[in-house]
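Input: a single structure, listed below in structure tokens.
The values are calculated or read from the model by the stated rules, or taken from the named source; none is laboratory data. It should be emphasised that the depicted structure is a prediction, and the values quoted were computed from it without experimental measurement. Reconstructed Cβ throughout: ideal geometry from the backbone, glycine too, with neighbour counts over all protein chains shown. For accessibility, only protein heavy atoms count, side chains too; no ligands or nucleic acids. Shrake-Rupley method; radii C 1.70, N 1.55, O 1.52, S 1.80 Å.
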Amino acid sequence: MKNTIDLAEKKIGPLLLSYYLPAFIGVITGALYNIIARIFIGQSVGHEALSGLSVVFPIMVIIMAFGMLCGIGSGIMTSMALGRHDKAYAEKILGNAVVLMIIISLILTIVGFIIKIPLLHSFGATHETIEYANDYLDLILIGTLFATVGYGLNSSIRAEGNAKIAMYSMLISIVINVILDAILILWLNMGVKGAALATVIAQFALMLFVIFHFRSNRAVINLRLQNLKPEKKIVIGIVSSGMAPFVMQIANSIIQGVFNTQLIKYGGDISVAAMGIINSVVILFVMSIIALNMAAQPIFGYNYSAGNYKRVKETLDIAIKSATILAIIAFIVIEIFPHWIILMFNNNEELIIKGTTGMRIFIIMFPLVGFQIITGNFLQSIGRVNTATMMTLMRQVFLVIPFLFILPKIFFLNGVWLAMPVSDCINAVIVFYILKKYRAKITYQIENVQYTISWASHK
């Protein structure tokens with residue numbers, strides 16, 4: 001089919017761009033939804049509700065982590081299977097991924113309702129914000145299955161080369177979400193419950209869209225009933241392939257929880273609200289880089305599996321350069337306009353002061369983040385899952401958590417904001433050397449392939 005022919009033959013720059021634009025539109029629209037929802041809540045309910053939503057955010061990240069575990073893991077395996085021209089095995093991967101998503105979602109929902117109150121407190125909920133957080137989380141837990149299957153299978157749509165369809169599915173979901181936000185929050189005055197209900201309905205629409213896609217003729221691979229029987233080898237492959245992004249998301253959730261508790265200790269609930277705003281804005285720009293990962297992943301997986309190492313290296317180099325440019329642009333925009341960004345969410349004077357300072361400090365090393373994100377995706381796409389996972393843990397756990405406890409003792413609230421940029425700076429050095437090592441290996445593989453071709457032609 002044309003999708004797989006493009007992965008093997010189309011010029012890398014235009015190919016990456018053709019995959020990037022749909023992914024970018026999808027994820028940026030999603031990030032904008034997050035911002036719009038918080039603006040609605042901040043302006044109509046207040047900064048306490050913003051703080052409550054910030055407390056629930058790490059829990060939503062955990063749910064998303066399991067979706068990424070199944071979705072990206074199966075996506076990587078699907079790309080490799082298609083690279084070997086094994087469509088039947090790719091369809092088995094898809095079926096196993098769906099079953100895995102359903103099982104995990106049901107477990108998450110049940111466990112979530114059992115432990116939700118202590119969980120909210122552990123992530124920074126206080127007496128003033130627990131009601132908002134609990135109201136929001138109740139509905140989010142009900143929609144766990146929709147979110148996991150919807151976002152997970154969307155990764156599989158990209159993996160089969162249908163980047164535009166993956167974009168359309170996200171756009172439909174997000175448009176529904178924003179419209180319902182306006183109706184439920186502003187018109188019906190449902191507050192955080194309205195925001196959560198809008199999210200769950202939109203996730204349900206996304207799930208229906210992706211399932212219908214894989215049952216249609218436009219799909220490269222199809223969801224078939226006979227493939228819904230789990231196979232140990234495939235399930236283990238999905239879990240291992242998706243482990244790096246899963247660990248990254250779980251670590252991110254833990255980080256957000258520690259951030260919230262430290263922010264409450266050194267700056268109060270209003271600092272948690274500021275962190276919620278900062279996260280919304282930073283994620284907007286991080287997702288533009290994540291879209292590059294989404295675009296590059298099927299190219300990496302297909303061509304590495306097919307032995308086209310030159311295309312793998314070219315994709316890596318273009319992706320890193322592009323990610324760095326995006327990170328620098330984000331840094332400039334945020335450093336220039338932090339006051340106006342905070343003001344969009346809420347006009348509380350203390351929130352503006354703390355949020356402006358926090359935002360400027362938090363993203364000071366952002367230009368170094370782009371190539372780190374791309375390198376992690378590259379490693380997991382070529383099967384170096386353990387290295388990608390350890391690299392992620394280094395930044396998200398081993399570095400930032402100690403700094404979250406050390407730096408505030410010296411710089412107080414500013415020390416909390418400093419923890420992430422200091423970690424990013426140190427981790428950038430580590431990732432650079434890892435990238436250098438694996439890039440050299442790819443170069444060696446290219447030279448070896450060229451030597452083999454040359455030897456065969458002379459013979």
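Which of the residues that make up the range 117-136 are of a type in the set (A, V, I, L, M, F, W, C) and crowded, with 18+ Cβ neighbours inside 10 Å?
Step one: list which residues in the range 117-136 are of a type in the set (A, V, I, L, M, F, W, C), which gives 117, 119-120, 123, 125, 130, 133.
Within the range 117-136, Leu119, Leu120, Phe123, Ala125, Ala133 meet the criteria.
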I need a count of the residues in the range 192-223 that are assigned to a loop (DSSP other than H, G, I, E, B) and in contact (Cβ under 8 Å) with a residue 12 or more places away in the chain.
6
Hey, could you check the range 289-303 for residues that are open to solvent by 10 Å² or more (accessible area, probe 1.4 Å) and polar (S, T, N, Q) and say which is nearest to Ile12 (Cα to Cα)?
Gln297
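Looking at the range 215-233, which of its residues are within 16 Å of Tyr89 (Cβ to Cβ), open to solvent by 80 Å² or more (accessible area, probe 1.4 Å) and under 27 Å from the mean Cα position of the chain (by Cα)?
So in the range 215-233, the residues within 16 Å of Tyr89 (Cβ to Cβ) come out as 219-224, 226-233.
Applying the additional criterion that residues be open to solvent by 80 Å² or more (accessible area, probe 1.4 Å) yields 224, 226, 229, 232-233.
Correct list: Lys232, Lys233.
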Filter the range 10-65 down to the residues that are outside any helix (DSSP H, G or I) and within 22 Å of Thr126 (Cα to Cα), then identify the one that is most open to solvent (accessible area, probe 1.4 Å).
Val45
Residue set Ser305, Ser271; condition touching a helix residue (DSSP H, G or I) at 6+ places or on another chain (Cβ under 6 Å), modelled with pLDDT of 90 or more and among the hydroxyl-bearing types (Ser, Thr, Tyr); output residue Ser271
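Report yes if Ala195 is farther than 30 Å from Phe398 by Cβ, open to solvent by less than 10 Å² (accessible area, probe 1.4 Å) and touching a Lys or Arg at 6+ places or on another chain (Cβ under 9 Å), otherwise no. Before you say what the answer is, go through the steps one by one.
Details: farther than 30 Å from Phe398 by Cβ: yes; open to solvent by less than 10 Å² (accessible area, probe 1.4 Å): yes; touching a Lys or Arg at 6+ places or on another chain (Cβ under 9 Å): yes.
So Ala195 fits the description; yes.
Which of the residues that make up the range 304-322 are in contact with a Leu (Cβ under 7 Å, 6 or more places away or on another chain) and crowded, with 24+ Cβ neighbours inside 10 Å? Talk me through it step by step, then tell me what you get.
Residues of the range 304-322 in contact with a Leu (Cβ under 7 Å, 6 or more places away or on another chain): 315, 318-319, 322.
Residues satisfying the conditions are Thr315, Ala319.
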If Phe259 meets every condition in (1) farther than 20 Å from Leu119 by Cβ; (2) within 24 Å of the chain's Cα centre (by Cα); (3) aromatic (Phe, Trp, Tyr) apart from one, which number is that one?
(1)
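Which of the residues that make up the range 341-387 are among the small types (Gly, Ala, Ser) and either outside any helix (DSSP H, G or I) or modelled with pLDDT under 80 (or both)?
Ser381, Gly383
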If a residue has to be surrounded by fewer than 18 Cβ atoms within 10 Å (Cβ to Cβ) and part of a helix (DSSP H, G or I) to count, how many in the range 402-420 make the cut?
7
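Among the candidates Leu139, Leu171, Leu153, single out the residue that is crowded, with 24+ Cβ neighbours inside 10 Å and touching a residue at least 60 places away in the same chain (Cβ under 8 Å). Let's see the steps before the verdict.
Working: Leu139 fails: crowded, with 24+ Cβ neighbours inside 10 Å; Leu171 fails: crowded, with 24+ Cβ neighbours inside 10 Å.
Matching residue, one of Leu139, Leu171, Leu153: Leu153.
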In the list Ile236, Ile254, which residue meets the criterion of being assigned to a helix (DSSP H, G or I), open to solvent by 20 Å² or more (accessible area, probe 1.4 Å) and at pLDDT 85 or above?
Ile236
In the range 323-340, which residues are open to solvent by 40 Å² or more (accessible area, probe 1.4 Å), under 23 Å from the mean Cα position of the chain (by Cα) and either more than 16 Å from Ala295 (Cβ to Cβ) or modelled with pLDDT under 90 (or both)?
Ile328, Ile329, Phe331, Ile332, Val333
Against the conditions (1) over 30 Å from Ala88 (Cβ atoms); (2) under 21 Å from the mean Cα position of the chain (by Cα), where does Lys164 fall short? Just the number, please.
(1)
Within the group Ser253, Ser240, which residue is of a type outside the set (A, V, I, L, M) and under 30 Å from Ile328 (Cβ atoms)?
Ser253
